[in-house]
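Below you'll find the structure, written out as structure tokens, and then a few comments.
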Amino acid sequence: MKHILVFASLVSVVYGAVYTVGVGKDETTGKKGKGFDPSSIHPAAGDTIVFEFRGGSHSAVQSSFANPCTSNGGFNSGVQTVDDNLEVDAPGLPTVSLLVNDTQPLWFFDEAGGLCSEGAVLSVNPSATETDAQFKANAAKAPAASPSSASADAAGTSTTASDSAGVSATSEGPTTPTGAALRLGVSGYAALAGLAVGLL
Ligand SMILES: *[C@@H]1O[C@H](CO)[C@@H](O)[C@H](O)[C@H]1NC(C)=O
């Protein structure tokens, strides 16, 4: 039994799937541009993410769900620059690999590309509570990369009307249906419990 387990784990290390993610390739147009292609993946433990740099100057940097546009001190591909004359799918583009060790969510942004708040983010194994959509919404609310605007946002004095409208729209959207469903679930359960008590 022990030998079978060891063999199984060796096989998964050797034969783990490869998830190639284009960086600096727009997933909607398929051309060189903003972000990651694809921008959300679900690898298993033992799989490998291969960041393939498709154009311009980009980097894949690990961040967090709450702060999508700030390095968490984890993985950093370094800045990779590709000759402008190369096609988006040219052979031999620079790659940097990352081994996936478990199915915990991992979050990344393109630091060198500088368009994190416009959607240059990647979610790996997003969950039911930490979703890809909410991660992207968090990125859209992130302060701009320059230190001056970041401190202005932190002071809380520069929030615009459109910012706060956007924030309330995105934060209320997903929570209201969930809350309603939860309340229905609880009252339904209470009704069943009451029925059971009544029968007894
Ligand atoms: C998985 O483990 C390897 C080897 O320890 C490490 O280099 C890599 O950074 C880990 N992957 C993640 C996503 O932390």
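Projected over all directions and averaged, the alpha-carbon convex hull of segment 21-120 occupies 6.0 nm².
Segment 81-149 has equivalent-ellipsoid semi-axes of 25, 20, 10 Å, by the square roots of 5 times the alpha carbon gyration tensor eigenvalues, sorted largest first.
Considering every Cα-Cα pair within segment 29-86, what fraction, in whole percent, is farther apart than 19 Å? It works out to 39 percent of all Cα pairs. Of the peptides 72-84, 103-115, the ranking by mean beta-carbon count within 10 Å, highest at the top, reads 103-115, 72-84.
Where a number appears in this text, it was derived from the coordinates with a stated rule and is not lab data. As the structure is a prediction and not an experimental result, all values here were calculated from the model. Cβ coordinates were reconstructed from backbone atoms using ideal geometry, including for glycine residues, and neighbour counts include every protein chain displayed.
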